[in-house]
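Q: Right, I'll just put the structure down here and ask away after.
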Amino acid sequence: MLAPVRKASFYLLLFTLAAAAQPGGPAGVNPAILTQIPQRMKQFIDVQTVPGTVTMVARGNDVAEFDAVGMADTEAVRPMQKDTIFQIMSMTKPVTAIGIMMLAEEGKLALRDPVEQYLPEFRNQRVTTNTGPDAGRLAVPEHAITIRDLMTHTAGIQDPAPAAIHDYPQLMNVPLDEVVRHLARQPLLFQPGTQWSYSSPGIEILGRLIEVCSGQKYEDFIASRIFRPLEMKDSFFFPPADKIARIAMVYVQRNGKLVRAPAGILGGDPAKYRQGAVFPAPGWGMYSTAEDLLHLYRMMLNRGVYQGRRYLSPYSVQMMTEAHTAGIRPVGWMRGTDYGLAWEVVTDPLGELAGHLKGTYGHGGAFGTQGWIDPANGLISILLIQRADGGTDSLRNVFLSMAESSVGQ
């Protein structure tokens with residue numbers, strides 16, 4: 001039998017070796033690259049690209065880089081902090097899709113089901129005919145739009161808001177069920193499954209499906225099934241009063257200088273923090289932090305498990321993160337990608353130029369935020385900024401390329 005001290009040392013050695021053997025363990029990143037990230041972000045801040053950034057790079061169970069630089073609110077002279085809360089916009093979409101996958105695993109819906117099976121207002125839809133002698137007329141869909149069509153942005157749902165509720169994305173004053181009823185009256189842009197057209201309203205329909213199939217309000221379902229169990233303590237759709245002081249302001253550039261974004265952006269005046277809003281925006285409504293997103297992304301990276309609790313089956317994670325749009329072009333926000341189920345997936349070397357190896361998946365947001373997961377390297381890269389008028393592509397590409405190239409010493 002081993003003596004107590006020798007026994008303890010033996011097990012410590014076994015633990016150390018096991019940890020080192022884990023993909024994405026403490027070894028395997030180059031700190032010389034990662035320590036330059038805050039300095040490089042400051043250079044973008046100095047030229048008024050953004051007022052501030054929060055960056056995070058994690059590998060396996062370790063956070064290899066986590067920094068806050070610049071200002072969260074320049075008018076209030078409030079510095080950026082690691083726990084600053086951001087409007088992550090379209091990074092919300094995969095969260096809504098995770099909710100759909102949870103319901104699919106429970107048998108409450110199936111991805112190949114027609115949407116009209118759960119939402120009768122989608123019966124008798126029509127398709128816009130764009131070419132030939134029938135241009136301008138409406139045709140009958142070759143198949144009813146399915147839940148999968150919505151998740152892959154191949155349903156043909158129009159992105160502009162219906163005329164009757166044209167300002168709901170800014171005012172957020174129309175309930176989700178009413179928004180979806182208006183969307184159901186819009187003709188489809190093309191035959192379902194034949195083209196790709198990014199559509200936040202398509203994800204809003206998924207949010208309504210969650211309500212109908214779960215019996216809960218969308219935001220309550222997401223909070224009870226995802227936010228609270230994953231300890232995403234600073235994630236929400238409608239800001240509580242005690243969180244407002246930590247929310248980053250949103251900016252646009254005017255004459256080379258950053259100014260506060262106007263009320264016409266998604267979510268309305270950022271300084272009003274959606275006061276009185278009723279629309280949760282399943283396609284873009286989340287507020288969150290880098291740490292909260294890390295919990296979510298670690299669950300995906302670990303094939304559905306976080307801290308010993310299973311949220312999704314490995315099958316569901318695989319389904320979400322494989323390419324569903326092969327053969328359809330153009331697809332995605334950057335060349336070299338396809339779409340999975342609400343995740344953008346790198347499938348071509350052109351996508352690797354943006355700092356992602358093949359198989360990496362993630363999503364960006366309208367205010368410049370980014371979150372990407374590289375399963376091959378066990379790498380998670382999170383960039384949080386708040387600029388509503390674009391102009392941040394170079395910043396994004398620099399950060400993601402530095403994060404990806406840090407793997408390996």
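Q: Provide the per residue accessible area, probe 1.4 Å, for the chain, rounded to a whole number of square angstrom. Could you put the intermediate results ahead of the total?
A: On the way: 17440 Å² over 409 residues.
Per residue, the chain has 43 Å² of solvent-accessible surface.
Q: Quick check on packing: order 369-379, 188-198, 282-292 by the mean number of other C-beta atoms within 10 Å, highest mean leading.
A: Packing proxy ranking, top to bottom: 282-292, 369-379, 188-198.
Q: Measuring from label point to label point, each 7 Å out along Cα→Cβ, what is the VAL63 to THR129 span in nm?
A: Between VAL63 and THR129, the label points sit 5.8 nm apart.
Q: Roll a 1.4 angstrom probe over the protein heavy atoms and tell me the percent of accessible area of the chain that is carbon or sulfur. Let's see the in-between values first.
A: On the way: 9240 of 17440 Å².
Reported share for carbon and sulfur atoms: 53 percent.
Q: How would you classify the stretch 254-300 from its alpha-carbon gyration tensor, with a ≥ b ≥ c the square roots of the eigenvalues: rounded for a/c under 1.5, else prolate if a/b is greater than b/c, otherwise oblate?
A: Values: a/c = 2.88, a/b = 1.48, b/c = 1.95.
Verdict is oblate for the stretch 254-300.
Q: If eta is 0.890 mPa s and T is 25 °C, what Stokes-Einstein diffusion coefficient results for the chain, Kirkwood Rh from Cα pairs, in µm²/s? Intermediate values should be presented prior to the final figure.
A: On the way: Rh = 22.2 Å.
Rounded to a whole number, D works out at 110 µm²/s.
Q: Then there is this: Can you work out the Karplus-derived ³J(HN,Hα) for every residue in the stretch 272-279? Use 6.51 cos²θ - 1.76 cosθ + 1.60 with θ = phi - 60°, whole Hz, and x for glycine or proline.
A: With coefficients 6.51, -1.76 and 1.60, one gets 9, 6, 6, 4, x, 5, 10, 8 Hz.
Q: Between ALA271 and HIS143, what length comes free when the chain is fully extended (0.36 nm per residue of separation minus the Cα-Cα distance, one decimal in nm)? Each step should come with its number before you reach the end.
A: Numbers: separation 128, 0.36 × 128 = 46.08 nm, distance 4.39 nm.
Using 0.36 nm per residue and subtracting the Cα-Cα distance, I get 41.7 nm.
Q: Multiply the residue separation of ALA241 and VAL278 by 0.36 nm, subtract the distance between their alpha-carbon atoms, and state the gained length in nm to one decimal. Don't skip to the end; give the middle numbers.
A: Values: separation 37, 0.36 × 37 = 13.32 nm, distance 1.60 nm.
Stretched fully, the ALA241-VAL278 segment lengthens by 11.7 nm.
Q: Relative to the present Cα-Cα distance, how much length would full extension add between GLU121 and ARG310 at 0.36 nm per residue of separation? Working shown, then result.
A: Values: separation 189, 0.36 × 189 = 68.04 nm, distance 3.46 nm.
Separation in residues times 0.36 nm, less the Cα-Cα distance, equals 64.6 nm.
Q: Right, something else. What is the calculated FRET efficiency for GLN170 to LYS257, with r their C-beta to C-beta distance and R₀ = 25 Å, to the nearest 0.05? Could you put the intermediate results ahead of the total?
A: On the way: r = 24 Å, r/R0 = 0.95.
Once rounded, the FRET efficiency stands at 0.55.
The values are calculated or read from the model by the stated rules, or taken from the named source; none is laboratory data. Source: prediction; values computed, not measured. Cβ: placed from backbone, ideal geometry, glycine included. Neighbour counts: every protein chain shown. All accessible areas refer to the heavy atoms of the entire protein, side chains included, with ligands and DNA or RNA removed. Shrake-Rupley method; radii C 1.70, N 1.55, O 1.52, S 1.80 Å.
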